[in-house]
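Notes to accompany the following structure.
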Amino acid sequence: MPKERGHKVIVSNRKARHDYSILDTYEAGLVLVGTEVKSLREGRASLADAFATVDDGEVWLRNVHIPEYVQGTWTNHTPRRTRKLLLHRQEIEKLIGKTKESGLSLVPLSMYFKDGKVKVEIALAKGKKSYDKRQDIAKRDAQRTISRAMGRALKGRYND
């Protein structure tokens, strides 16, 4: 069987980018059992309420929902079990220091296959307040209006 190459996104957490200010991102491996990988190959997973914690010098991914594999038997996994993340020791030490600061948390942004291995992109993030979210939405709308006006002007359909 030829080795798998490339980058295939399984699931991404779009709400995390809306609810948090992303300070730093890390790529981590994931310890999984066989039926979890098969279920992920079908593209079935949810990062909706997921978060990561640092316990006893290890990083754990919690509340990720990977549904049971349809053709699995008694060897099937539990959908919301805690899964271990694989990071370098220096990265873990850095995360321990940063998460001790107030208001910072670890949030998964996406889960993907990279050269046949399941990887998770986790972010060191700070929660946004509601007025920050409104400011971001206003900036995005203003940018969209500007780009539309520029597009019209370039096509010669600009109306005063």
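Among the residues of the range 1-35, just one is hydroxyl-bearing (Ser, Thr, Tyr) and outside any strand (DSSP E or B), namely 35.
When the residues of the range 25-47 are filtered to those that are within 15 Å of the chain's Cα centre (by Cα) and of a type in the set (D, E, K, R), the one that is nearest to residue 115 (Cα to Cα) is 27. Close Cβ contacts (under 6 Å, 6 or more residues apart or on different chains) running from residues in the range 72-89 that are more than 17 Å from residue 59 (Cβ to Cβ) and touching a residue at least 40 places away in the same chain (Cβ under 8 Å) to residues that are β-branched (Val, Ile, Thr) and part of a loop (DSSP other than H, G, I, E, B) comprise 77/33. Where residues in the range 1-40 are without any contact (Cβ under 8 Å) to a residue 40 or more places away in the chain and not aliphatic (A, V, I, L, M), which of them is surrounded by the most Cβ atoms within 10 Å (Cβ to Cβ)? Among residues in the range 1-40 that are without any contact (Cβ under 8 Å) to a residue 40 or more places away in the chain and not aliphatic (A, V, I, L, M), the one surrounded by the most Cβ atoms within 10 Å (Cβ to Cβ) is 39.
FYI, it's all coordinate maths here, none of it is from the lab. All values reported here derive from a predicted model rather than from experimental measurement. Glycine gets a Cβ as well: all are built from the backbone with ideal geometry, and neighbour counts include every protein chain shown.
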